[in-house]
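Here is the structure we will look at.
The values are calculated or read from the model by the stated rules, or taken from the named source; none is laboratory data. Predicted model, so just to flag it, every value in this text is computed and none were measured. Glycine gets a Cβ as well: all are built from the backbone with ideal geometry, and neighbour counts include every protein chain shown.
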Amino acid sequence: MFAITKFYILLYDIKLISIMYQEKIISPPSGYLTFVLCLALLGASIFCFVTENFLWGGLLLAIDIFLIFPGFLIINPNQSMVLTLFGKYIGTVKADGFFWVNPLTAKRRLSLKANNLNGQQLKVNDKLGNPIEIAAVVVWKVNETAKAVFSVENYMQYVNIQSEAAVRHLANIFPYDHSEGEEDSITLKDGADKVSELLENELNERLSRAGIEVLEARISHLAYAPEIASAMLQRQQATAVIAARKLIVEGAVGMVEMALEKLSQKGIVDLDEERKAAMVSNLLVVLCGDRHVQPVVNTGTLYN
């Protein structure tokens, strides 16, 4: 019962947090009419000073400088402005243009443009425990300004740290390359598309609390650590040689089988078991050898 109650309290807290930091888009009035009013007050204050009515001139100038002019707001394309009034979130202006807002509001400008994060090379262990070097490139942008400002202390630093954590976790759950008996498993080397998709999904999940949307995530660097790079290169070379030899032997056996079958069908020569064995041995040496074979002319018989 206590666990269920605690679970519902946690859900309620999460709901309250999501409501508190829900982005609210506002459309403030245009600033052009207020700008005309600002110029009119400035002209009136100058007129008061010229006519030596310093009290009204100072009052109009103070109103113009401290109550009207600070409320002007210029927002460029792909930019936004987060507004707070006495510690309370008022809303976010995302439309570009010239506006006027309450001059007492605090303003924070946020860019909505896409950003590139070129992650540094990390030295981690893959699923099999092999030390590898890995790095990723992440394309991200601010999607919800309220969460980016109020949910985390520094959203750019948050992106850097969480991206590094996601890359480390990804490297730990996949092997660098295929091992024996696991040819169908996903690897960091061969499963680039699947690995990038999983990395992008994990980053979106991690960064959603900060209002960040990940547009693309790719592995930019992947290699064995220097201390095992030479050993792994030898392993890869040995695997390639074994695979090539296996293919050569399978092809040679098929060619020998076809040659014996053709000779038997056409009745060119009648071979006993010992002569067949000798012929098979010679053909396999010729077909499987890695050097050119020197021809030898036999002037006797097989039994001499």
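Structural remarks
- One residue alone among 205, 216 is modelled with pLDDT of 65 or more and outside any helix (DSSP H, G or I), and that residue is 216.
- Here residue 10 meets the list (1) modelled with pLDDT of 90 or more; (2) over 29 Å from residue 113 (Cα atoms) almost entirely, failing just condition (1).
- Pairs with Cβ under 7 Å, 6+ apart, first in the stretch 88-104 and touching a residue at least 12 places away in the same chain (Cβ under 8 Å), second buried (at least 20 other Cβ atoms within 10 Å of the Cβ) and aromatic (Phe, Trp, Tyr): 93/99
- If you filter the stretch 155-185 down to residues that are in a loop (DSSP other than H, G, I, E, B) and surrounded by fewer than 15 Cβ atoms within 10 Å (Cβ to Cβ), you find that the one that is modelled with the highest pLDDT is 185.
- Failed item, numbered, when residue 171 is tested on (1) without any contact (Cβ under 8 Å) to a residue 60 or more places away in the chain; (2) within 17 Å of residue 139 (Cα to Cα); (3) among the aliphatic types (A, V, I, L, M): (2)
- The single condition from (1) within 19 Å of the chain's Cα centre (by Cα); (2) in a strand (DSSP E or B) that residue 74 fails is (1).
- Some residue of the stretch 190-198 being at pLDDT below 90 and not in a helix (DSSP H, G or I): yes
- Evaluating residue 54 against the criteria (1) modelled with pLDDT of 90 or more; (2) out of contact with any Cys (no Cβ under 6 Å at 6 or more places or on another chain) leaves one unmet condition, (1).
- Number of positions in the stretch 121-132 that are in contact with a helix residue (DSSP H, G or I) (Cβ under 9 Å, 6 or more places away or on another chain) and either part of a strand (DSSP E or B) or modelled with pLDDT of 90 or more (or both): 5
- Filtering the stretch 133-151 to residues that are more than 21 Å from the chain's Cα centre (by Cα) and part of a loop (DSSP other than H, G, I, E, B) leaves only 151.
- Within the stretch 96-116, being touching a Ser or Thr at 6+ places or on another chain (Cβ under 9 Å), among the aliphatic types (A, V, I, L, M) and surrounded by 13 or more Cβ atoms within 10 Å (Cβ to Cβ) holds for 110, 112.
The rows are residues; the columns are (1) of a type in the set (A, V, I, L, M, F, W, C); (2) touching a strand residue (DSSP E or B) at 6+ places or on another chain (Cβ under 6 Å).
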| position | (1), (2) |
| --- | --- |
| 142 | yes, yes |
| 153 | no, no |
| 163 | no, yes |
| 173 | yes, no |
| 187 | no, no |
| 205 | no, no |
| 214 | yes, yes |
